[in-house]
Structures are given as structure tokens and as C-alpha cells.
1. Provide the packing ranking of 201-207, 134-140, 50-56, i.e. peptides ordered by the mean count of other C-beta atoms within 10 Å per residue, highest first.
2. What does the charge count around Ala78 come to, taking other residues whose C-beta lies under 9 Å from its C-beta (Lys +1, Arg +1, Asp -1, Glu -1)?
3. Just to confirm the number: angle between the C-alpha axis of helix 199-226 and the first principal axis of the chain, 0 to 90 degrees, nearest 10?
4. How large is ³J(HN,Hα), in whole Hz, for each residue of the range 63-69 in order, when computed from phi with the Karplus curve 6.51 cos²θ - 1.76 cosθ + 1.60 and θ = phi - 60°, using x for Gly and Pro?
5. What is the helix-to-structure angle for 147-158, meaning the angle in degrees between its Cα long axis and the longest Cα principal axis of the chain, kept from 0 to 90 and rounded to the nearest 10?
6. If you place +1 on the Cβ of every Lys and Arg, -1 on the Cβ of every Asp and Glu, and leave all else neutral, what size is the dipole of the chain about its Cα centre, to the nearest 20 Debye?
7. Using 7 Å Cα-to-Cβ label points, what is the Ile98/Val83 separation (nm, one decimal)?
8. I'd like the accessible area for Ile213: 1.4 Å probe, protein heavy atoms, all chains in place, Å² to the nearest 10.
Amino acid sequence: SGFFEPLLYLLSVQVGFAALVGDIVVDGVSYDYAQFVAPALLAASAMNGAIFDATGNVFEKLRHTKLYDTVLATPMTAADVAVGEILSAVSRGVIYSIAFVVTMWVMGLVGSAWIVLAIPVCALIAFAFAAAGMAYTTYMRTWSDLEYVNAVTLPLLLFSATFYPVSSYGGWAWVVQLSPLYHGVAVVRGLNLGQLDWTMLVHLAVLVVLALIGLGITSRRIKGLLLR
């Protein structure tokens, strides 16, 4: 579902909505609307694949099967558990991303060969959201707490300059820029449009910081929950 939700959004844009919108102008340059939206949904697909893997699956192992209690009886540490699960979630996000890029290519929505670099960028997006998601999972008590994940990811999908340029938000543009997904969208969209500039480094830095914070919290929480 984490892959098909953005894909269905993309198909709806390509099949009907793009014809109503027409071309979209960003910084004085005109783009096909579907080509503008596609890379943003690619970033969202990486987010979905990682965060849902790092929440529901991890919660089952942490609270029900007690798998990590057994793992920590080996020489592995709490940090190893955190990194291992996060990398597992990242692999899922990367698989989603590769499939999505192929879909974009088939639909004629790839605008630049630089889109190849979107795969490692999506891996970073997946790592950041997997780390944040797993950190949240360590605070979950029941399955109903997963609803908060949906309550966060859906607004991120809708309000991260995914479907509209940042300029369309007017005075609220600064709120959009607080979204971690927005920073991923900005980089992936720039790569697909062949527009590389130094601001991409800032966007990537934000994702790296989010990943490190999430990883640090997760390691401490796993250690506190299982070794107390």
C-alpha cells in the first residue's frame, strides 16, 4: 500500500487532472504538471515504504514476539538492533523508489538523466523517516497508536509542495519548509528537472540531521526498554 498510494495519485494526475491544470510555471519556467508532481510522489513513496516498515513491523517484534530480547542475548547491541531494523526499512523504501522511477520512465515523466541520483536520495529519505518512525514506535503502547503515523504522513504528502510549488502557499510557505518530506521532494524534483544547485545540500543536510536524531533516540530507547 505504501507504493500503490503514491502511484494511484500519479495515475490520477496523469490520466485526468493534468489535462485540467495544464502546464505549471515555477520560477518563470513552464513544466508539464504530471512531470512536476511525479518526483514528489517518488519521494513520498520512499517515505511510506520506510516509515510503515519501521513502525508496525517493529512494534510486533518489540511488544509481542519479544524478538529483540533474544537478539540482545547475543553479542549484538541495542544500537545494532536499531541500525539493522532501520536499514531493513530503508531497503523497502529503495525498492519502492526503483519501481516508481521505472513507472515514471514508462509513463514518459522522466525529464533528466539525473533522475538516477534520485535513488540514493530516496534511500536517505527512507533512512530519515525510518529512524523517526522507529523512535516513535518505542513509545507506542497499543496498535491503535499506529493511527498517529497516518495522521502525520497524509498531511506531509499533501502539504510538502507535492502538488503545488512553494510559492503558491504565499505567507505560509515557511510552514511547508518545516516538513522533512519537503526537503526530499525539493531534491528529487530538482534532479528530475535537471536543476542542480547548492540549496540541495541544505535539503540533504536536514534529512541527515533527522536521521541521526531518530537513530540516537531509537538506540537509547531500545536499550532502556530491553536492558532495564
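The values are calculated or read from the model by the stated rules, or taken from the named source; none is laboratory data. None of these values were measured; they are calculated from a predicted model. In this analysis, Cβ positions are derived from the backbone assuming ideal geometry, glycine residues included, and neighbour counts consider all displayed protein chains. What goes into the accessible areas is simple: the full protein's heavy atoms, side chains included, and nothing from ligands, DNA or RNA. Shrake-Rupley method; radii C 1.70, N 1.55, O 1.52, S 1.80 Å.
1. The densest-packed peptide leads the list: 50-56, 134-140, 201-207.
2. +2
3. For 199-226 against the chain, the angle is about 20 degrees.
4. Whole-Hz 3J(HN,Hα) from phi for the range 63-69: 9, 10, 6, 6, 4, 5, 4.
5. Computed tilt is about 20 degrees.
6. On the way: 10 positive and 12 negative charges, 156 e Å.
Once rounded to the nearest 20, the dipole reads 740 debye.
7. Using points 7 Å along Cα→Cβ, the separation is 2.3 nm.
8. 90
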